[in-house]
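In what follows, a single structure is set out as structure tokens and then discussed.
The values are calculated or read from the model by the stated rules, or taken from the named source; none is laboratory data. What you see is a predicted model; the values in this text were computed from it and never measured. Every residue, glycine among them, receives a Cβ derived from its backbone with ideal geometry; neighbour counts consider all protein chains shown.
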Amino acid sequence: MRRYALLFLFVCCMPLYVEGQTPSLAERAILEQQLKDIEAQIVAYEKTISTYQKKGKTLHGEIARMNTEAKKLGLEIKAINISITKLDKEMVKNEGQIQVTTEKLQKNKELLTAALQSLHEEDTTNLAEMLMENKTLSAFFNNVDNINALQRGLKDVLTKTIATRDELIDLKQELAEKKTDASALKAARDAQNKAVLAAKKEKDTLLKETKGQESQYQVLLKESQKTAAQIRNRIFEFAGGGALTFEKAYQIAKSASGVVGIRPALLLAVLDGESALGRNVGRCTYPKSMHPTRDIPIFLDITAQLGMNHETTLVSCANKDGAYGGAMGVSQFIPSTWKTFVPRITALTGNNPPSPWRHADAFVATALYMKDAGAGLEQDATAYRRAAARYYAGGRWQNYLWTYGERVVKKAAQFEDDIIALQKAGIASL
């Protein structure tokens, strides 16, 4: 029995898992520097493109812009490739950690089984029998101490087993998220390759249609511009919030942006249902999609406060790799994140409790998150791209700079053009 007690105390002092093989720090530093250099070149190209756009639409300027855009897309592909290389190395490490943690969990279960069996054997001997079996009081009390030590060891091993199980859940979640990241990056790389080819084809088509003549280009440009009426009738489907006209969505975004301090077009770009990059939104119930300890209790509390049926309320699904979903409503916050913003949302909207499914509350929540992530009014496209990537992927934001982040920046620029067109058309509410 003493050997069990000592064994349990030893087990409790063991680490939860052993680190797997880690990538070389020097190798990681090289990749990060390469990525930093490429991003700096991309920023330079963005400034050049912006300069061409500000000079006005001319055939020469448009051809120059297209050439620069193609070069920028090429650099984005390089940046994505570097991110994929880093991610592959991290996934190898993570898989090793999961394997070691799984083995640790199995070992703890075996020790726990042995402990329960031993404790059962000891419990069948009552104190009177023990006193009869031991010739001295000293031996009797030693046996009693051993039983107490065994019980303490059992409790410690049980606690450690639970902790190891939770560690394994988190590691599996981390690996699932990395697999999702890898899929998104590879898909983005393919999309960027197609974009390069499309940019080159667009330039060739433009030159063919205009035959290099500026007057013909100006005619084509005027015909291709969208009218204010077309823009005004655009409909947006925000997750969980129903359909909104562009005009109504802009008014809500403008109100939220005004009290927080970010661009309305950027807020619209983040919330636009078409920019979800394939994420499952609003098609699953909470039990199988949410993180069991981090989010489910908070979700149940949120729905209870709002008088909603938690059994039928739809949230985002877990993905095919097993990463948890559970994002709620218009802003697609997971419950644990939403909870941290509740006091600030209430302070700005007056709604207590605020609801992830209410447009006014959700727009403010997104504006607050983006502002905290560095997307203030005076920031540039680089800051907006980073903030959007953080909004989508949290701590894994670097893997989404040139996927989700870049799409949001481009969508925001499109919305800026729409807003200007509507204002020029004399839409009073804009």
Meets criteria (of a type outside the set (Lys, Arg), farther than 20 Å from Lys178 by Cβ and not in a helix (DSSP H, G or I)) for Glu378
yes
List pairs: first residue in region 367-382 and free of Cβ contacts under 8 Å to residues at least 12 places away in the same chain, second residue assigned to a loop (DSSP other than H, G, I, E, B) and surrounded by fewer than 21 Cβ atoms within 10 Å (Cβ to Cβ) anywhere in the structure, Cβ distance under 8 angstrom, at least six positions apart or on different chains.
none
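Please find, among Gly258, Gly282, Gly273, the residue that is at pLDDT below 90 and either farther than 19 Å from Arg385 by Cα or more than 24 Å from the chain's Cα centre (by Cα) (or both).
Values: Gly258 fails: at pLDDT below 90; Gly273 fails: either farther than 19 Å from Arg385 by Cα or more than 24 Å from the chain's Cα centre (by Cα) (or both).
Going through Gly258, Gly282, Gly273 in turn, just one is at pLDDT below 90 and either farther than 19 Å from Arg385 by Cα or more than 24 Å from the chain's Cα centre (by Cα) (or both): Gly282.
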Could you please find all residues in region 375-398 being within 16 Å of the chain's Cα centre (by Cα), among the small types (Gly, Ala, Ser) and at pLDDT 90 or above?
Ala387, Ala388, Ala389
